[in-house]
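See structure below.
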Amino acid sequence: MKKQFGDKLEIKIYTLDAPEARPYLLEFRGSTNVRLNNEWVPLEVAIDRDKMETFLAAKLKPSEI
């Protein structure tokens with residue numbers, strides 16, 4: 001995704017015990033949790049490359065892609 005969306009997408013990966021993840025601990029629903037601009041990304045989207053690509057294209061402004 002980073003290759004396709006370039007500088008418009010900043011990716012951060014944290015483990016559940018990371019200080020950055022602490023505010024969301026009660027909201028996590030499993031081992032795969034993805035957020036985009038403070039919105040939860042549905043699990044079925046987060047784990048499917050094609051669905052995630054479509055999701056990001058819709059969420060990011062066309063002028064940003």
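When Lys59, Lys51 are checked against the criterion of being among the basic types (Lys, Arg), surrounded by 12 or more Cβ atoms within 10 Å (Cβ to Cβ), free of Cβ contacts under 8 Å to residues at least 24 places away in the same chain and in contact with a helix residue (DSSP H, G or I) (Cβ under 6 Å, 6 or more places away or on another chain), Lys51 stands alone in meeting it. Where helices (runs of 4 or more DSSP H) fall entirely within the chain, none has at least 2 residues that are in contact with a strand residue (DSSP E or B) (Cβ under 6 Å, 6 or more places away or on another chain) and at pLDDT 85 or above.
The values are calculated or read from the model by the stated rules, or taken from the named source; none is laboratory data. The structure presented is a predicted model; accordingly, all values stated were derived computationally and were not measured. Glycine also receives a Cβ, built like all others from the backbone with ideal geometry; neighbour counts cover every protein chain displayed.
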